[in-house]
1. Given the Cα-Cα distance of Asp76 and Leu113 and 0.36 nm per residue of separation, how much length would full extension add, in nm?
2. Collect residues whose amide H, placed 1.01 Å from N in the peptide plane, falls under 5 Å from the amide H of Tyr25; neighbours closer than 5 in sequence don't count.
3. Could you line up Phe129, Phe82 from fewest to most neighbouring Cβ atoms inside 10 Å?
4. Hey, rough spin-label estimate for Arg23 and Glu35, points 7 angstrom out along Cα→Cβ, what's it come to in nanometres?
5. Give me Tyr138, Tyr24 sorted ascending by neighbouring Cβ count inside 10 Å, so fewest comes first.
6. So how do Arg44, Arg23 line up by other beta-carbon neighbours within 10 Å, fewest first?
7. Enumerate the amide H contacts of Ile103 below 5 Å, restricted to partners 5 or more residues apart or on another chain; note that Pro and chain-start residues carry no placed amide H.
8. Short version: ³J(HN,Hα) in whole Hz for each residue of segment 80-89, in order, from phi by Karplus 6.51 cos²θ - 1.76 cosθ + 1.60 (θ = phi - 60°), x for Gly and Pro, what are they?
Amino acid sequence: MALATEGQQQASAATPGHNHDFRYYACVNLWDNGEVTGVVDVWRCTACHAKGIELRAQGLNNLATETGFPILDGPDSNWVVFVCGAKEQIQYEVLRVHAGDTIEHDCVEKKGLLKVVAGYKLENSGDNFHKVQSIEPYLNENMDLAL
Ligand SMILES: [Zn+2]
Ligand SMILES: [Zn+2]
């Protein structure tokens with residue numbers, strides 16, 4: 001199954017028979033080294049509360065609001081920021097994950113799969129180069145990407 005349809009099916013299974021009605025919900029400011037490096041715009045369906053996101057970052061055009069939100073969270077998933085600090089410049093992605101999901105990753109410190117456990121944290125808490133942080137506690141707040 002394609003990732004793109006999975007979220008929609010999940011959301012419509014929770015509240016069948018409606019077209020999502022997305023309203024702007026919140027933003028999360030991503031900070032790196034004292035500067036805002038990106039902003040996650042969070043949109044939420046007024047009916048089922050499924051959330052889609054759009055990332056605004058330098059050099060990145062995310063067309064989510066034009067194309068609809070192909071991936072949505074649900075009761076058992078969360079939007080998280082995955083941070084890799086292996087390079088001098090922090091790398092990050094915004095992903096929708098379930099507890100138990102794995103993130104495929106390839107950098108000088110880690111090649112392979114990183115497992116996300118309950119609480120939306122990485123299973124390997126001794127990994128000093130990577131972290132996962134749910135956006136939920138940071139709605140309309142600043143999230144520091146520093147490791
Ligand atoms: Zn909905
Ligand atoms: Zn990495």
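1. The span from Asp76 to Leu113 would gain 11.3 nm if fully extended.
2. Val42, Trp43, Arg44
3. Going from least to most buried by this count: Phe129, Phe82.
4. Taking the two extended label points, one gets 3.6 nm.
5. Tyr24, Tyr138
6. Exposure proxy ranking, most exposed first: Arg23, Arg44.
7. Here Leu114, Lys115, Val116 satisfy the definition.
8. 10, 9, 9, 10, 10, x, 6, 9, 4, 8
FYI, it's all coordinate maths here, none of it is from the lab. These numbers were taken from a predicted model, which means no experiment stands behind them. Ideal geometry is used to build each Cβ from the backbone, glycine not excepted, and the neighbour counts take in all protein chains shown.
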